[in-house]
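The structure under discussion appears below in the form of structure tokens.
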Amino acid sequence: MNIENLLRDNIKTIKAYSSARDEYKDASSDMVFIDANENPFQTNVNRYPDPQQYKVKSKLADIKGVKPSQILLGNGSDEILDLLFRAFCEPNQDNVITLPPTYGMYSVLADLNAVEVKTVLLDENFEPEVEEILITQNNNSKILLLCSPNNPTANSFNANKLEELIIGFKGIVVIDEAYIDFSNQESWVNRLDHFPNLVVTQTLSKAYGLAGIRLGVCYASGFIISILNKIKPPYNINQLTQNKALERLNDLDGVKQEVSSILEQRSLLAKALSQIPFIKEVYPSDANFLLAKVDDANQRYSQLIKSGIVVRNRTNQLLCDNCLRFTIGTEEENKLLVKILNQL
Ligand SMILES: Cc1ncc(COP(=O)(O)O)c(C=O)c1O
């Protein structure tokens, strides 16, 4: 597969903005920096941040076993997805394929970029309908967006089905692994070298507990990353974010401990929810949330709000009739949730 042929024509030839720090990289050297129109007085952030985020990428590359040139960082994974649309999808001409029910930003970003969304509903087990997806694609289908573990259904997709899709789809296949750290599935980052059209996105917003700093991570071939690098805003990852991300990436034991506590709480909460009379089904979860079918989602949602608990009402999503989504909280929060549900 020739990935270059999938790019929009204007992107094939685009010239990246060259920032001051791209031209003279060694910001830590003992030079006088009067090249970037910064304020010379020290505030700790008076200098522009590293546009290539060298330290954060080196750390992530070590952890994930990829090359730094296979990593692009974004202002949340949402920015990364937006860059992919801009690189591959010609407005008012190309389309992407999504598999509802899934993460809502895919269609928002498509609308924003004037890109048609073709949808192929998941099956009754929330798995992709491989054949139908491959039949649905046409010559203008540029991106297939797969979310595994999927939000809001919480399951990971079958790995063989995903492989069939990566091989059978003629465009870029994005696997959004925002919740991968809560699952036992192997990350597709480990398979990047086998599939030139594969892009994997992850985030520090979930398992790493850093939703507030907005750091999404994209793993792909060096070629795809080099294209995204050309079109990203020059200083898209601010200095405070880079510092905080590095601090957290140097404390993987702390991250692991929090994840295992969330996993323990997830199984306790799943058990407790399944014993509540008006909860009809608690779906298996590979994520940091549980999807549950209740008797009347709108009513239960309002009752919970009145009791001071905010959950996500997913009843309007396809296949999610009367479903509520519960993020796993602390032990105290989960106990309070169960206590209140039992009182309703
Ligand atoms: C599947 C999925 N992808 C991406 C995101 C957003 O990630 P980020 O915070 O990195 O933009 C979310 C957030 O809820 C999500 O559910």
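Before moving on, here are some points about what is shown:
- Members of the stretch 232-262 that are over 30 Å from THR43 (Cβ atoms) and surrounded by fewer than 17 Cβ atoms within 10 Å (Cβ to Cβ): LEU252, ASP253, LYS256, GLN257, GLU258, SER260, SER261
- Unmet requirement for PHE278, which otherwise passes all of (1) more than 22 Å from ASN316 (Cβ to Cβ); (2) over 22 Å from the mean Cα position of the chain (by Cα); (3) of a type outside the set (Gly, Ala, Ser): (1)
- Given (1) in a helix (DSSP H, G or I); (2) within 16 Å of the ligand (Cβ to nearest atom), index of the condition TYR103 fails: (1)
- Members of the stretch 85-122 found to be surrounded by fewer than 16 Cβ atoms within 10 Å (Cβ to Cβ) and of a type in the set (Gly, Ala, Ser), listed by number: GLY104, ALA114
Okay, residues lined up against (1) within 15 Å of ASN236 (Cβ to Cβ); (2) outside the structural domain of LEU198 (by TED's automatic domain parsing); (3) in a loop (DSSP other than H, G, I, E, B); (4) not β-branched (Val, Ile, Thr):
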{"position": "ASP30", "(1), (2), (3), (4)": "no, no, yes, yes"}
{"position": "PRO40", "(1), (2), (3), (4)": "no, no, yes, yes"}
{"position": "VAL45", "(1), (2), (3), (4)": "no, no, yes, no"}
{"position": "VAL56", "(1), (2), (3), (4)": "yes, no, no, no"}
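- Members of the stretch 61-98 that are within 14 Å of the ligand (Cβ to nearest atom) and either of a type in the set (Gly, Ala, Ser) or part of a helix (DSSP H, G or I) (or both): GLY74, GLY76, SER77, ASP78, GLU79, ILE80, LEU81, ASP82, LEU83, LEU84
- Filtered residues of the stretch 167-191 (kept if surrounded by fewer than 20 Cβ atoms within 10 Å (Cβ to Cβ) and either more than 16 Å from the ligand (Cβ to nearest atom) or more than 27 Å from GLU131 (Cβ to Cβ) (or both)): ILE167, GLY168, LYS170, ASN184, GLU186, ASN190, ARG191
- Looking only at residues in the stretch 137-159 that are over 30 Å from SER261 (Cα atoms) and more than 18 Å from the chain's Cα centre (by Cα), the one that is nearest to the ligand (Cβ to nearest atom) is LYS142.
- Cβ pairs under 6 Å, 6+ apart, first in the stretch 204-216 and in the same structural domain as VAL56 (by TED's automatic domain parsing), second part of a helix (DSSP H, G or I) and near the ligand (Cβ under 7 Å from one of its atoms): SER205/ALA211; GLY216/SER77
- Restricting the stretch 211-240 to residues that are within 16 Å of the ligand (Cβ to nearest atom), of a type outside the set (A, V, I, L, M) and in contact with a strand residue (DSSP E or B) (Cβ under 9 Å, 6 or more places away or on another chain), the residue that is farthest from ILE3 (Cα to Cα) is ARG214.
- Filtering the stretch 114-147 to residues that are closer than 20 Å to ASP78 by Cβ, in contact with a strand residue (DSSP E or B) (Cβ under 6 Å, 6 or more places away or on another chain) and not hydrophobic (A, V, I, L, M, F, W, C) leaves GLU116, THR119.
- The stretch 279-306: number of residues that are assigned to a helix (DSSP H, G or I) and either modelled with pLDDT under 95 or of a type in the set (A, V, I, L, M) (or both): 3
- Any hit, the stretch 62-74, residues being out of contact with any helix residue (DSSP H, G or I) (no Cβ under 7 Å at 6 or more places or on another chain) and surrounded by 16 or more Cβ atoms within 10 Å (Cβ to Cβ): no
- Contacts under 7 angstrom Cβ, first residue in the stretch 72-86 being among the small types (Gly, Ala, Ser), partner at pLDDT 95 or above and in a helix (DSSP H, G or I), 6 or more apart: GLY74/ILE80; GLY74/LEU83
- Residues that are without any contact (Cβ under 8 Å) to a residue 12 or more places away in the chain, assigned to a helix (DSSP H, G or I) and within 20 Å of GLY168 (Cβ to Cβ) within the stretch 111-136 comprise GLU131, ILE135, listed in sequence order.
- Residues (of a type outside the set (Phe, Trp, Tyr) and touching an Asp or Glu at 6+ places or on another chain (Cβ under 7 Å)) located in the stretch 78-109: ASN95, MET105, LEU109
The values are calculated or read from the model by the stated rules, or taken from the named source; none is laboratory data. All values reported here derive from a predicted model rather than from experimental measurement. Backbone-built Cβ (ideal geometry, glycine too); neighbour counts: all protein chains shown.
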